[in-house]
Amino acid sequence: MSRIVALALNTFREAIRNKVLYLLALFGVGLIVLSVPFSQGALHEQMRVTRDVGLAGIELFGVLIAVFVGVNLVYKEVDRKTVFALIPKPIHRYEFILGKFVGMLMTLAVMFAIMSALMAAVLSVQTEATNAPSNSAAIVRAIALLFCEVTVVTAIAVLFSSFSTPILSGAFTLGMAVVGHFTPELRELTARIGTVPSRIAIAGAMRLFPDLNLFYVSGAMVGGQRVTVHGSFVDWGYVGTAALYGAAYSGCALALAMIIFSRRDFV
Amino acid sequence: MSALVEADHLQKTFALGFFRKKVRAVEDVSFTVEQNEIFGFLGPNGAGKTTTLKMLMGLIFPSSGQARIFGKPINDRQAKRRLGFLPENPYFYDYLSGGELLDLMGRLFGLDRAARRKRAAMLLDRVGLGRAGDRALRKYSKGMLQRLGIAQALINDPELVVLDEPMSGLDPIGRKEIRDLIVDLKAEGKTVLFSTHILSDVELICDRVAMLVGGRMRDVGPLSKLLSPRLLHTEVVLEKDGASELLRVPPEADVDALLSEALAAGKHVVSVTPRRESLEDLFVREVDAADVGGGAERMKRDRTERKS
């Protein structure tokens, strides 16, 4: 465990010393701040915009950071040969993958904390001015769901990074993230085309893609009811179930990454 | 006590390119490294030295054959705890300082904070980086990175130290320092296995050598046994009126008679040196026998140019 922590802390240290990451985080922060002057109408409408834009910003930049940093996590270690000094140390190869993954999640957690704190600050100012309910509990649940989403995306990025170049890994990971956002529509579409065997095959193939719709549910129909962070939102039970799905999907992706990494020759 | 390193018929074949063309990098390599010896792994560039060491370090999987370290299979964690490794042309995280890198490596060995600090400070001093410990690695020269690589290989106070081309990138002073360090490690009871193509380093410090040419093991043993004791020729340097003359006298010729003649002709005898087989001669002989990629021809040409 201490070895995974050591590798995770090193990955975290690399990320926080990476200027590109600050640039991405700055864009996320900028988006939240700029949502205030650009939102029109009454103050409570501005709060809706702040919540929507804030959560969308956290999701967008969380996913972008997960993809662009994640696809380099393992590849860079092999390409720059830093892995040559690590593998002969008393670590298992799977610990290396886990360390990189946990370090990346630590980085994302800090990014999420910064962007969430900023959104909370903007919302608290707006709440004082309007006396409108802040819906902070719903926002916390929404942010927890978004963190589950970037965890899944990070695991996919690590999987591709364990055997492919950053460009290809980035394309594959982004592709899976995009498809993952349209899984219900795609399932509906594929259920209507082709023959029964082909439908079964396509439905099976669709299972390979993550169902990212589970994680950003504001405005969606859940259990026959429309849920939104502005009103009635999903409860912690839903968040727990979605987190379990995310953990299972991430676990499978990481297990595959570990198998691939454990068989690689480092030439 | 059994051998610390046992390589048994190691073989590695790589599949290269789009058509997965098979290239055999190492073929049937067997040797052992005994406790408390300095073992030189010698061979020209591309001989398969690094590939063999990478197989021993668990970085590359052998296509066939097997190896054991401390009597345990490669990648056994208990064996790795007693091992230090310097990769060829080491690359480290350039965003870390030298001290931070050693701290990370110490953590991977499970050293506590106090032990990590103590070992890091001691090792940085030992490799001559005492004042550069706080500097980011991106500001290190190649020689400094090489020294830091040796320091990180020693962070766990290993019983076996494996160094891949440890003198690479170092100036003559740096090379001597690393040679002295290797000898000191032996004096401390450690075992050192290092690869190199610099023959003088091997001649000066190795107890035994293995010679790898074209992926095949050519010779293994103590230098005294590998080198032929027979006289090759005697080099005689004579001088007259400020002009010097070098004579190579074959072993069957009478050197005494030649010297008498020279003295009678008014020449001064500057030196008389019997030449027996050197490591370089052996190396050329083995490369020649293997006839790998014109390596023997190239080496002979280099030697001729150097001598002239």
- Go through the residues of the range A:134-152 one by one and say whether even a single one is part of a helix (DSSP H, G or I), touching a residue at least 12 places away in the same chain (Cβ under 8 Å) and of a type in the set (D, E, K, R). yes
- Message: Being assigned by TED's automatic domain parsing to the domain that holds B:F14, within 22 Å of B:L193 (Cβ to Cβ) and either surrounded by fewer than 19 Cβ atoms within 10 Å (Cβ to Cβ) or not small (G, A, S) (or both) is the requirement here; does B:L59 meet it?
- Response: yes
- Which residues, counting only those in the range A:196-216, are assigned to a helix (DSSP H, G or I) and under 28 Å from A:G240 (Cα atoms)? A:A203, A:G204, A:A205, A:M206, A:L212, A:N213, A:L214
- In the range A:204-233, how many residues are exposed (fewer than 13 other Cβ atoms within 10 Å of the Cβ) and free of Cβ contacts under 8 Å to residues at least 60 places away in the same chain? 10
- Among the candidates B:L204, B:L185, B:L246, residue that is over 16 Å from B:D164 (Cβ atoms) and in the same structural domain as B:E159 (by TED's automatic domain parsing): B:L204
- Message: Quick test of your reading of the structure: A:G54 fulfils all but one of (1) in a helix (DSSP H, G or I); (2) within 14 Å of chain B (Cβ to nearest Cβ); (3) not β-branched (V, I, T). Name the failing condition by number.
- Response: (2)
- Is it fair to say A:I91 is within 30 Å of A:S2 (Cβ to Cβ), touching a Leu at 6+ places or on another chain (Cβ under 8 Å), surrounded by fewer than 22 Cβ atoms within 10 Å (Cβ to Cβ) and among the hydrophobic types (A, V, I, L, M, F, W, C)? yes
- Enumeration of residues in the range B:20-40 that are over 12 Å from B:L4 (Cβ atoms), surrounded by 15 or more Cβ atoms within 10 Å (Cβ to Cβ) and touching a Leu at 6+ places or on another chain (Cβ under 7 Å): B:V26, B:V29
- Task: Kindly indicate which of B:G106, B:G169, B:G133 is closer than 23 Å to A:A15 by Cα, more than 11 Å from chain A (Cβ to nearest Cβ) and either among the aliphatic types (A, V, I, L, M) or crowded, with 18+ Cβ neighbours inside 10 Å (or both).
- Result: B:G133
- Looking at (1) surrounded by 18 or more Cβ atoms within 10 Å (Cβ to Cβ); (2) in contact with a Gly (Cβ under 9 Å, 6 or more places away or on another chain); (3) at pLDDT 90 or above, which is the one condition that is false for B:L185? (2)
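The values are calculated or read from the model by the stated rules, or taken from the named source; none is laboratory data. Keep in mind that this is a model prediction, so the values were computed, not measured. Here the Cβ is made from the backbone with ideal geometry for all residues, glycine too, and neighbour counts use every protein chain on show.
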